[in-house]
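Asker: Structure incoming, see below.
The values are calculated or read from the model by the stated rules, or taken from the named source; none is laboratory data. For clarity, every value in this text was computed on a predicted model and none was experimentally measured. All Cβ positions, glycine included, derive from the backbone under ideal geometry; neighbour counts span all protein chains shown. Protein only, heavy atoms only, side chains kept; ligands, DNA and RNA dropped before computing areas. Shrake-Rupley method; radii C 1.70, N 1.55, O 1.52, S 1.80 Å.
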Amino acid sequence: MWELSISVNSKNIQIAKFVYQTIKSQTAEFGAVVTCYEEFDKIFIVIGCPMEEQSRVRVVIERCTIKVICNFYKEMYLSENLRLPLHEDISLTAFKKALINFDKETDFYIISKNLDLEKNLFLDSFYYFKLKALRDKWAELITLANENSEFLVSNEAFFDLLKFLIDNLEVCEEEINVFQDENGYFLKLENSEVGEDYEKLSKEGLVSSLIELSPKKINLYCCGDDYTAGFLSKIFEERINVCYNKSLEKIDKFSVLK
């Protein structure tokens, strides 16, 4: 049996949960066993699988590790170092998410090049001692934003930079349908199964998800939130189609797709 242990500082419990749940769910079909325990100031995720499934499980672990660094650790880095003039929550959420996803391909390459999945992976140590080049790359982008913070006080300048970042993100989905009802917003990817579970999203969660998925086309079926529709139209421009139906409390998520 092939085994690997991943450790995370106990204060990063959300990272530990994400790693454990992601690897456990995505390696079950390969006969992997994933356990989790806490000892002293660390949380350990231990993965074991048959030797013949080692290569497949390694791919899952590598992808999970890359996603953790590019999302959780990069967001923490931005929060610690980014100094921007105050804007409303939805704008700051969008800007931070755009920075997180900007030039993600290079981030992936740097992490993958330095990642060694042998016996033990100390995630915090890997990030702080092996990925200095990655943090230097992030620092350049943050420095550029911070040095122009006075310029970004203007909403027009702020949105120009935000649109530039979003326009230069890699397209990850061809088409996404967004539905609004009294419970919030719900996403449906073009190729997903009809009848899937929908996760309720706040307006900030919706903006964050759409930037991360970076679709070529967005169909927004809304019933009253002019502000969010206007905000999304401003940052995605011709990539979004807005369909208003203010007379409905709830829009049928399936009939509009027929």
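Asker: In the set (i) 0.95; (ii) 1.07; (iii) 1.00, which value of Rg/Rh (Cα atoms, Kirkwood Rh) was calculated from the structure you see?
Answerer: For Rg/Rh (Cα atoms, Kirkwood Rh), the calculated option is (iii).
Asker: Which value, in debye to the nearest 20, gives the size of the charge dipole of segment 55-166 about its Cα centre, when Lys and Arg are +1 and Asp and Glu are -1 at the Cβ? All intermediate terms of the calculation are to be shown ahead of the outcome.
Answerer: Working: 16 positive and 17 negative charges, 137 e Å.
Dipole magnitude for segment 55-166 comes out near 660 debye.
Asker: Tell me, in nm to one decimal, what length is gained between Asp89 and Lys216 on full extension, where the rule is 0.36 nm per residue of separation less the Cα-Cα distance? Let's see the in-between values first.
Answerer: Details: separation 127, 0.36 × 127 = 45.72 nm, distance 2.48 nm.
Working it through step by step, the gained length comes to 43.2 nm.
Asker: Pop the C-beta distance of Glu182 and Ser202 into the FRET formula with R0 = 22 Å and round what comes out to the nearest 0.05.
Answerer: 0.95
Asker: So, one more: With everything on Cα atoms, drop me the angle between helix 155-167 and the longest principal axis of the chain, reported from 0 to 90° to the nearest 10.
Answerer: So the helix axis and the longest Cα principal axis differ by about 50 degrees.
Asker: Now for a separate question. Note down, for segment 1-142, the three equivalent ellipsoid semi-axes (square root of 5 times each alpha carbon gyration tensor eigenvalue), biggest first, whole angstrom.
Answerer: Details: eigenvalues 175, 49, 40 Å².
The three semi-axes for segment 1-142 are 30, 16, 14 Å.
Asker: Grab the other residues whose beta carbon is less than 12 angstrom from that of Lys11, score K and R as +1, D and E as -1, and report the net. Could you put the intermediate results ahead of the total?
Answerer: Details: positive: Lys42; negative: Glu38, Asp41, Asp124.
Summing Lys and Arg as +1 and Asp and Glu as -1 gives -2.
Asker: Between Arg56 and Asp41, with labels modelled 7 Å along Cα→Cβ, what's the label distance in nm to one decimal, could you check?
Answerer: Modelled inter-label distance: 3.9 nm.
Asker: So, one more: Could you identify which residue out of Tyr221, Tyr37, Tyr77 has the top mean-square fluctuation in a GNM of the chain using Cα springs shorter than 10 Å?
Answerer: Of the options given, Tyr37 has the highest mean-square fluctuation.
Asker: Looking at Phe159, Leu131, Tyr109, which one has the Cα that reaches farthest to the positive end of the dipole of the chain (charges on Cβ: Lys, Arg +1; Asp, Glu -1)?
Answerer: Final value for the positive-end residue is Leu131.
Asker: Moving to a separate point now. Any chance you could give the angle, 0 to 90 degrees and rounded to 10, that helix 203-213 forms with the longest Cα principal axis of the chain?
Answerer: Tilt of helix 203-213: around 60 degrees.
Asker: In nm, what is the difference between 0.36 nm times the number of residues separating Ser112 and Lys67 and their Cα-Cα distance?
Answerer: Details: separation 45, 0.36 × 45 = 16.20 nm, distance 1.09 nm.
Extending this stretch completely gives an extra 15.1 nm.
Asker: Output the relative contact order of the chain, whole-number percent, from Cα pairs under 8 angstrom with separation of 6+ residues.
Answerer: Values: 339 pairs, mean separation 43.3, N = 258.
With pairs under 8 Å counted, the relative contact order is 17 percent.
Asker: With +1 assigned to the C-beta of every Lys and Arg and -1 to the C-beta of every Asp and Glu, and no other charges, what is the dipole magnitude of the chain about the Cα centre in debye, to the nearest 20? Can you show the working numbers first?
Answerer: Values: 31 positive and 44 negative charges, 74 e Å.
My answer is approximately 360 debye.
Asker: A follow-up question, please. Just to confirm, what accessible area per residue do you get for the chain at 1.4 Å probe, in whole Å²? Mind showing how you got there, number by number?
Answerer: Details: 13900 Å² over 258 residues.
Result: 54 Å² of accessible area for each residue.
Asker: Still on this structure, I have one more. Determine the sum of side-chain charges near Ile111: Lys and Arg each +1, Asp and Glu each -1, restricted to other residues whose C-beta is under 10 angstrom from that of Ile111.
Answerer: +1
Asker: Take the cross-link list Lys17/Lys132; Lys17/Lys42; Lys113/Lys163; Lys137/Lys203; Lys42/Lys119; Lys17/Lys137 and give me the ones stretching past 21 Å between alpha-carbons.
Answerer: On the way: Lys17/Lys132 25 Å; Lys17/Lys42 13 Å; Lys113/Lys163 31 Å; Lys137/Lys203 30 Å; Lys42/Lys119 16 Å; Lys17/Lys137 27 Å.
Over 21 Å Cα-Cα: Lys17/Lys132; Lys113/Lys163; Lys137/Lys203; Lys17/Lys137.
Asker: Does segment 97-154 classify as rounded, prolate or oblate by the C-alpha gyration tensor (a ≥ b ≥ c root eigenvalues; a/c under 1.5 gives rounded; else a/b over b/c gives prolate, otherwise oblate)?
Answerer: Details: a/c = 3.38, a/b = 2.58, b/c = 1.31.
Verdict is prolate for segment 97-154.
Asker: May I pose another question? If you fit an axis through the alpha-carbon atoms of helix 54-68 and take the longest principal axis of the Cα set of the chain, what angle between them do you get, 0 to 90°, nearest 10?
Answerer: Tilt relative to the chain: about 50 degrees.
Asker: Mind giving me the nanometre distance, one decimal, between the label points for Ile13 and Ser154, set 7 Å out from Cα along Cα→Cβ?
Answerer: 4.6 nm
Asker: Still on this structure: With Cβ to Cβ distances under 12 Å as the rule, what net charge do the other residues near Arg56 carry (K, R +1; D, E -1)? Walk me through the intermediate numbers first.
Answerer: Details: positive: Arg58, Arg63; negative: Glu29, Glu52, Glu53, Glu62.
Summing Lys and Arg as +1 and Asp and Glu as -1 gives -2.
Asker: First compute the accessible area of segment 1-154 with a 1.4 Å probe, then give the percent of it belonging to carbon and sulfur atoms.
Answerer: Numbers: 4430 of 8410 Å².
Carbon with sulfur: 53 percent of the solvent-accessible area.
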